[in-house]
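**Student:** One structure, pasted below without further comment.
The values are calculated or read from the model by the stated rules, or taken from the named source; none is laboratory data. On a predicted model such as this, the values are computed, not experimentally measured, just so you know. Reconstructed Cβ throughout: ideal geometry from the backbone, glycine too, with neighbour counts over all protein chains shown.
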Amino acid sequence: MDRRASLSGKAFDKAGVELKRLQHLGQLARGWLVRAGRTIRFAAVVLSLVISPTTYRQDNRDAIATQVVTGLGANLLWFTVLCALVGVVLIRIVVVTALSYGLSRFALEMVVRVLVLELIPLTAAVFVALRCTLPDGLEVAEMRRRGDLQLFQGQDLEALQREVLPRVMAGVFAVLMLVAVSCLMALGLAYLNIYGFTPWGFAGYTRVVGQVFSPAVSIILVMKTLAFSLAVSVIPMASAVYDNVDTALHGRSKAARELASMVRLFSVILLFEVVSLMFNYY
Amino acid sequence: MNESPSEQPAAFNGSSAGVQFKAALLLLLMILLVGGSVVYLMYARGVFEATQKLVLVADDSEGVVVGIDLTFSGFPVGRVSQIELSPEGNARMIMEIPRRDAHWLRTSSIFTLERGLVGGTRLRAYSGILTDPALEDGATRTLLVGDASAEIPKLVASAKELIQNLKALTAADSSLDASLGNVKTLTDKLNGKGGALGAILGDEKHTEKLLTALDRANSLLAKVDILAAKADAQVFGPSGVMKDAQATVVQLNALLVDARASLKKVDAVLVEAQAVGANAKAATTDLDVLRVDVESSLRKVDHLINEINRKWPFKRDAELKLP
């Protein structure tokens, strides 16, 4: 009897462990869903503020202009230089490889597809996130921690318009600007690499570019860039605005919280990239 | 907002008008970049070009996508704008041909669809006679399809057949093997005692018979040789037949000379006879004249007698009176 009782006790223990594990998974899923819901809600609030006339009052305009100029001023030059260097190397590799296989007529198309459609928007989004929006998110979180900013769970629209919205708009603008400048520069570098300093390749080049940028591909590029810009601008701010209401965060260190926010952001960027690839090539 | 001045961004330190101006410039730059890109892409897609339509019909549009070029001599002269299925089940590729390039396409132009092993499908136009009338707008032409990858199964089937044939040829019980065996036997015989004769005749007895026949033929030839020498001596020798024949020929020549002289004499006689004949002919002509004269004289005499008879008193009454 004792043995039977001990056996049934072990089975109960095992079932209890499984139940706890399931409960933990459920809590994680619930937490993830709550955070996703809050982020989407925050994005909706921000977008509604963007189209609200009160956002563009004089003092808010100053704040927006300041954030835009500060964000771009720090990033535009460096990113353009970095992108030009990496772009030249990649273009050279693609062109030389295509030539060696006798596929030079596909080199330009490949360069445009790889660099302009895929790499540059992704890199620009990551660059802006690392250099601009993640630090901005931390800054907002710090301001909240110090008590300088009372957002009352994101309901204080004045504070949002004054402190958060300019940073979000600067992030969006920075991504769009970096993508536009870098893509055009990559197109120019590709032309110079393949044809050299001559105007006679322009007709063929234009034709290939026209073939690559079909209406569907162009729309996907625009949508992807917008999605990246929104993701890198909204997600860090949403974390900064909402994270301290989560009890779980009290048990985390500041670095772990920042890292979790970054991972969340990069996961979303990766998700957008995969979706865009699916639309482009399937 | 209760931020300390040290936490303000650097741009806040400048005037707000300056910052707003910079932001407006950046915004303007981005609008220009995006707008310029859109216009350039529209130009690259041929939105601003005046075009004419050309419909190419093929059994299969596999590999053809909207946007690929139609090339003429390696230069793009049009692009696929639409692909649709016709009511007959064929693929209809509607091409946009820019007006400035349309003169390369003529009514006699040929259009091909090529699918290579590497790379995309290519549409090509060939215009042999550039003086033919230009291709009209909305013309429909049939595509000639050249598919390299479609040839692979045929090639593999042919190669398989060839390999099977080779296998059958080189099999242990094949005709080639038997032939090679026979060749080996033949070469063995060639190297054997009878040599080539043994290989040809197949039996040593026959070989010996042939050799004996050859010996006898040799001796016969020797006899024939002697016989020929004797015949030569009899015909062409000092007292041979040829000498008599030569003398006979000389005599025959002399006889011919005599005959020629006799014939000349006969010719002269004939000439004289001809002259006699001519004289006889002339005399005959004179006789005719003489006869005419005689006949005339006789008629005159007759007339005279009749006249005398009429005028003569003793004219007889010639009239008969019937009772």
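**Student:** Given (1) touching a helix residue (DSSP H, G or I) at 6+ places or on another chain (Cβ under 8 Å); (2) farther than 20 Å from A:VAL168 by Cβ; (3) surrounded by fewer than 18 Cβ atoms within 10 Å (Cβ to Cβ); (4) free of Cβ contacts under 8 Å to residues at least 60 places away in the same chain, identify the lone condition not met by A:THR123.
**Tutor:** Result: A:THR123 passes all but (3).
**Student:** Further, regarding this structure: Has the range B:140-148 got at least one residue that is exposed (fewer than 10 other Cβ atoms within 10 Å of the Cβ) and either closer than 30 Å to B:GLY67 by Cβ or at pLDDT 90 or above (or both)? Before you say what the answer is, go through the steps one by one.
**Tutor:** The first filter runs over the range B:140-148 and keeps only residues exposed (fewer than 10 other Cβ atoms within 10 Å of the Cβ), leaving none.
Looking for residues that are exposed (fewer than 10 other Cβ atoms within 10 Å of the Cβ) and either closer than 30 Å to B:GLY67 by Cβ or at pLDDT 90 or above (or both), one finds none in the range B:140-148, hence no.
**Student:** For A:ARG38, are the conditions met, namely being touching a Gly at 6+ places or on another chain (Cβ under 9 Å) and under 30 Å from A:VAL208 (Cα atoms)? Lay out the reasoning, then the answer.
**Tutor:** On the way: touching a Gly at 6+ places or on another chain (Cβ under 9 Å): yes; under 30 Å from A:VAL208 (Cα atoms): no.
In short, no.
**Student:** Additional query: Among the listed residues B:VAL47, B:VAL55, identify the single one that is surrounded by fewer than 18 Cβ atoms within 10 Å (Cβ to Cβ), out of contact with any helix residue (DSSP H, G or I) (no Cβ under 8 Å at 6 or more places or on another chain) and more than 16 Å from B:ARG141 (Cα to Cα). Walk me through it before giving the result.
**Tutor:** Working: B:VAL55 fails: more than 16 Å from B:ARG141 (Cα to Cα).
Every option except B:VAL47 fails the conditions.
**Student:** Could you check, for the range A:194-205, whether at least one of its residues is surrounded by 17 or more Cβ atoms within 10 Å (Cβ to Cβ), in contact (Cβ under 8 Å) with a residue 24 or more places away in the chain and touching a Lys or Arg at 6+ places or on another chain (Cβ under 9 Å)?
**Tutor:** The answer is no, given that none of the residues of the range A:194-205 is surrounded by 17 or more Cβ atoms within 10 Å (Cβ to Cβ), in contact (Cβ under 8 Å) with a residue 24 or more places away in the chain and touching a Lys or Arg at 6+ places or on another chain (Cβ under 9 Å).
**Student:** Any residue in the range B:209-231 that is without any contact (Cβ under 8 Å) to a residue 60 or more places away in the chain and touching a Gly at 6+ places or on another chain (Cβ under 8 Å)?
**Tutor:** No: the range B:209-231 contains no residue that is without any contact (Cβ under 8 Å) to a residue 60 or more places away in the chain and touching a Gly at 6+ places or on another chain (Cβ under 8 Å).
**Student:** Inspect the range A:245-260 for any residue being modelled with pLDDT under 85, buried (at least 16 other Cβ atoms within 10 Å of the Cβ) and either under 15 Å from A:ILE40 (Cα atoms) or among the basic types (Lys, Arg) (or both) and give the result as yes or no.
**Tutor:** Checking the range A:245-260: at least one residue is modelled with pLDDT under 85, buried (at least 16 other Cβ atoms within 10 Å of the Cβ) and either under 15 Å from A:ILE40 (Cα atoms) or among the basic types (Lys, Arg) (or both).
**Student:** Among the strands (runs of 3 or more DSSP E) confined wholly to the range B:55-103, which include 2 or more residues that are more than 12 Å from chain A (Cβ to nearest Cβ) and either among the aliphatic types (A, V, I, L, M) or more than 20 Å from A:PHE202 (Cα to Cα) (or both)?
**Tutor:** Working: elements: B:69-72, B:75-85, B:91-98.
It comes to B:75-85, B:91-98.
**Student:** I've got another one for you. Among what's in the range B:9-18 and is more than 7 Å from chain A (Cβ to nearest Cβ) and modelled with pLDDT under 65, pick the residue that is farthest from the chain's Cα centre (by Cα). Explain how you work it out, then say what you get.
**Tutor:** To start, the set of residues in the range B:9-18 that are more than 7 Å from chain A (Cβ to nearest Cβ) comprises B:13-15, B:17-18.
If we keep only those that are modelled with pLDDT under 65 as well, we get B:13-14.
Details: B:ASN13: 95, B:GLY14: 93 Å.
Out of the qualifying residues, it is B:ASN13.
**Student:** Would you point out which residue out of B:LEU155, B:LEU117, B:LEU144 is assigned to a strand (DSSP E or B) and over 30 Å from B:PHE48 (Cβ atoms)? Walk me through how you get there before you give the answer.
**Tutor:** Working: B:LEU155 fails: assigned to a strand (DSSP E or B); B:LEU117 fails: assigned to a strand (DSSP E or B).
Exactly one of B:LEU155, B:LEU117, B:LEU144 is assigned to a strand (DSSP E or B) and over 30 Å from B:PHE48 (Cβ atoms), namely B:LEU144.
**Student:** So, in the range A:35-83, how many residues would count as being among the β-branched types (Val, Ile, Thr), without any contact (Cβ under 8 Å) to a residue 12 or more places away in the chain, assigned to a helix (DSSP H, G or I) and more than 11 Å from chain B (Cβ to nearest Cβ)?
**Tutor:** Count: 2.
Every residue, every condition in (1) out of contact with any Lys or Arg (no Cβ under 8 Å at 6 or more places or on another chain); (2) surrounded by 15 or more Cβ atoms within 10 Å (Cβ to Cβ); (3) farther than 16 Å from A:VAL232 by Cβ, yes or no:
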residue	(1), (2), (3)
A:ARG35	no, yes, yes
A:ALA63	no, yes, yes
A:GLN67	no, yes, no
A:LEU77	yes, no, yes
A:VAL81	yes, no, yes
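**Student:** I've got another one for you. Have a look at A:ILE93, A:ILE120 and point out the one that is within 14 Å of another protein chain (Cβ to nearest Cβ) and either within 28 Å of the chain's Cα centre (by Cα) or aromatic (Phe, Trp, Tyr) (or both). Write out each step before concluding.
**Tutor:** On the way: A:ILE93 fails: within 14 Å of another protein chain (Cβ to nearest Cβ).
Just a single option satisfies the conditions, and that option is A:ILE120.
**Student:** Restricted to the range B:120-141, and to residues that are β-branched (Val, Ile, Thr) and outside any loop (DSSP other than H, G, I, E, B), which residue is farthest from B:LEU54 (Cα to Cα)?
**Tutor:** Pass one, the range B:120-141, residues β-branched (Val, Ile, Thr): B:121, B:129, B:131, B:140.
Going one step further and asking which of them are outside any loop (DSSP other than H, G, I, E, B), we end up with B:121, B:140.
Numbers: B:THR121: 18, B:THR140: 6 Å.
Once the filter is applied, the top-ranked residue is B:THR121.
**Student:** Please pick out the residue among B:LEU256, B:LEU252, B:LEU211 that is assigned to a helix (DSSP H, G or I) and under 60 Å from the mean Cα position of the chain (by Cα). Outline the logic, then answer.
**Tutor:** Values: B:LEU256 fails: under 60 Å from the mean Cα position of the chain (by Cα); B:LEU252 fails: under 60 Å from the mean Cα position of the chain (by Cα).
None of the other options fit; the residue is B:LEU211.
**Student:** Moving on to the next point. List the pairs whose first member sits in the range B:80-93 and is on the phi > 0 side of the Ramachandran plot, whose second member is assigned to a loop (DSSP other than H, G, I, E, B), and whose Cβ atoms are under 9 Å apart, counting only residues at least 6 apart or on separate chains?
**Tutor:** That search, which allows pairs on different chains as well, returns B:GLY89/B:ASP59.
**Student:** Quick check: anything in the range B:151-174 hydrophobic (A, V, I, L, M, F, W, C), closer than 30 Å to B:ILE94 by Cα, surrounded by 11 or more Cβ atoms within 10 Å (Cβ to Cβ) and touching a Gly at 6+ places or on another chain (Cβ under 6 Å)? Step through it out loud before you land on a result.
**Tutor:** Going residue by residue through the range B:151-174, those that are hydrophobic (A, V, I, L, M, F, W, C) are B:152, B:155-157, B:159, B:162-163, B:166, B:168-169, B:171-172.
Checking which are closer than 30 Å to B:ILE94 by Cα leaves us with B:152.
Those left that are additionally surrounded by 11 or more Cβ atoms within 10 Å (Cβ to Cβ): B:152.
So of that shortlist, the ones also touching a Gly at 6+ places or on another chain (Cβ under 6 Å) come out as none.
Checking the range B:151-174: not a single residue is hydrophobic (A, V, I, L, M, F, W, C), closer than 30 Å to B:ILE94 by Cα, surrounded by 11 or more Cβ atoms within 10 Å (Cβ to Cβ) and touching a Gly at 6+ places or on another chain (Cβ under 6 Å).
**Student:** Only residues in the range B:19-37 that are closer than 24 Å to A:ASP59 by Cα and at the interface with another protein chain (Cβ under 8 Å from one of its Cβ atoms) count as the first member; pair them with residues that are crowded, with 17+ Cβ neighbours inside 10 Å and among the β-branched types (Val, Ile, Thr), Cβ under 6 angstrom, at least 6 apart or cross-chain, and list the lot.
**Tutor:** B:VAL19/A:THR66; B:VAL19/A:VAL69; B:LYS22/A:VAL69; B:ALA23/A:VAL68; B:ALA23/A:VAL69
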